[in-house]
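The values are calculated or read from the model by the stated rules, or taken from the named source; none is laboratory data. Everything quoted here is computed from the prediction, not taken from an experiment. Counting neighbours? That spans all protein chains shown, and the Cβs are built from the backbone with ideal geometry, glycine included.
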Amino acid sequence: MTLAIFVFVLFAGLAIGLPVAYALILTGVALMYHLDFYDAQIVAQNLLNGADSFPLMAVPFFMLAGAIMNAGGLSGRIVNLALALVGHIKGGLGYVTILAACILASLSGSAAADAAALSTLLVPMMMKAGHSKGRSGGLVASSGIIALVIPPSIGLVLIGVTGNISITGLFMAGIVPGILMGLSLSVTWFLVSRTENTQPLPRVERKDIMRTLVESFWALLLPVIIIVGLRFGVFTPTEAGVVAAVYALFVATCIYRELRIPQLYEVFLESAKMSAMVIFLVAAALVSGWMITIAGLPQQVTSLVEPFKHSPTLMMLVIVGLIILIGTAMDMIPIVLILVPVLLPAAVASGIDPVYFGIIFMLACSIGLITPPVGAVLNVVAGATKARMVELIAGVWPFLLAQCIVLLLLVIFPQLVLTPYRWIMQ
């Protein structure tokens, strides 16, 4: 009965158009009434406790760092470097997109921000070279979601905060799966672009490649600083967000000098708006999350999946299927806030490593961002390129299939995640 009330109130609230944060609060209040101990002070206290989180402070700082990178020329220099390296081969602009997305993912941590930047910079170039708008936009969207798996992923920060999982561990474990996502897109692009009659870019001379590499050096140095600093305990993930924001601001204003002081107001304002939305969502989720624990919903879900308890692989397949199904109609952040507190205890009871669970959960969520009918990242690309959603859906499906194959492989062979992670953390 308690589980039915939770599901009904949550989805009824979403169905009538309530913002996700308010639907989560309403769900917590409904469970309080059901258990007959409603207290407005408990609701307020959980809201405050949800926002009062030191690890959560990593989110606004990484968001600010990503905004500064896009406005300050760091993202553009990464794209220029990829163009110089692989732009001259057949279908080279597709490989440029994938390479640039992997590098940008290690800078911003935001799929939407990376997809918007790559759409603006590369889709017009790809169309001029002879690629269709739908195929180009589909590749950009599929490449953009790599940012949710490669550190410093904002999504992994949220999973760490919500599930009380080591954020540094999640960051280190996301490196190899993110690289595999990029490789799968490269193979798929090779297969789909062979039959296209396209015009590659002229080969860049070696001296120009070196010049571009030197220009992008300061941008490339940031992910090295973050990963090395986290691995050796120089700073926490939250402090890494501060380092990223301050470093990006210094490079954009003092070295590249593309971000002017008057522009800072808009950059900080937009970052503050996005950060406030995310933090309020997390705070609202703590209201329902606290009631989920009090009402014993994790135990109820664990009992429902009892038949799969002795097979971690089958358990993960069930969890992945549920996430992808919900991901077709819901954004990544609410999926994390709603499902992690419910599913993580069931996964741990089956012997699944929490860090591995977090990586697979985030990869499944990222696939949902390019899956119709909602496809949040597809909508970002559609807005940036003025493409019709039908075009993007037709263009994205080969890359969507490639990402699903990677996810399936990681579920069947968990050591692809756990072995590199344990080696890095030694």
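For the reader, a short list of remarks on this structure follows.
- F8 being assigned to a helix (DSSP H, G or I) and under 22 Å from the mean Cα position of the chain (by Cα): no
- When each of I5, I68, I16 is tested for being of a type in the set (V, I, T), touching a helix residue (DSSP H, G or I) at 6+ places or on another chain (Cβ under 7 Å) and at pLDDT 80 or above, the lone residue that passes is I68.
- The listed residue being crowded, with 21+ Cβ neighbours inside 10 Å, of a type outside the set (K, R), touching a residue at least 12 places away in the same chain (Cβ under 8 Å) and closer than 19 Å to K273 by Cβ, out of A115, A101: A115
- Counting only helices (runs of 4 or more DSSP H) that fall entirely inside the range 290-352 and contain at least 3 residues that are modelled with pLDDT under 85 and closer than 21 Å to V149 by Cβ, the qualifying elements are 312-327, 332-349.
- Meets criteria (under 20 Å from L220 (Cα atoms) and buried (at least 24 other Cβ atoms within 10 Å of the Cβ)) for S142: no
- Comparison of L107, L74 shows that the only residue that is buried (at least 24 other Cβ atoms within 10 Å of the Cβ), touching a Phe, Trp or Tyr at 6+ places or on another chain (Cβ under 8 Å), closer than 22 Å to S271 by Cα and in contact (Cβ under 8 Å) with a residue 60 or more places away in the chain is L74.
- Whichever residue in the range 230-241 is of a type outside the set (S, T, Y) and crowded, with 18+ Cβ neighbours inside 10 Å and, among such residues, is farthest from V157 (Cα to Cα): L230
- For the range 77-94, the count of residues that are among the polar types (S, T, N, Q) and free of Cβ contacts under 8 Å to residues at least 60 places away in the same chain is zero.
Residue-wise test of (1) buried (at least 24 other Cβ atoms within 10 Å of the Cβ); (2) within 27 Å of A283 (Cα to Cα); (3) in contact (Cβ under 8 Å) with a residue 24 or more places away in the chain.
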position: L337; (1), (2), (3): yes, yes, yes
position: V355; (1), (2), (3): yes, yes, yes
position: G358; (1), (2), (3): yes, yes, yes
position: M362; (1), (2), (3): yes, yes, yes
position: L378; (1), (2), (3): yes, no, yes
position: V381; (1), (2), (3): yes, no, yes
position: I405; (1), (2), (3): no, no, yes
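- Applying the criterion of at least 1 residues that are under 30 Å from V282 (Cβ atoms), free of Cβ contacts under 8 Å to residues at least 24 places away in the same chain and touching a helix residue (DSSP H, G or I) at 6+ places or on another chain (Cβ under 8 Å) to the helices (runs of 4 or more DSSP H) found wholly in the range 125-235 leaves 217-231.
- Checking the range 282-289 against the condition returns no match, with no residue being at pLDDT below 80, buried (at least 19 other Cβ atoms within 10 Å of the Cβ), not in a helix (DSSP H, G or I) and not small (G, A, S).
- For the range 185-204, the set of residues classified as exposed (fewer than 14 other Cβ atoms within 10 Å of the Cβ) and modelled with pLDDT under 80 consists of R194, T195, N197, Q199, P202, R203, listed by residue number.
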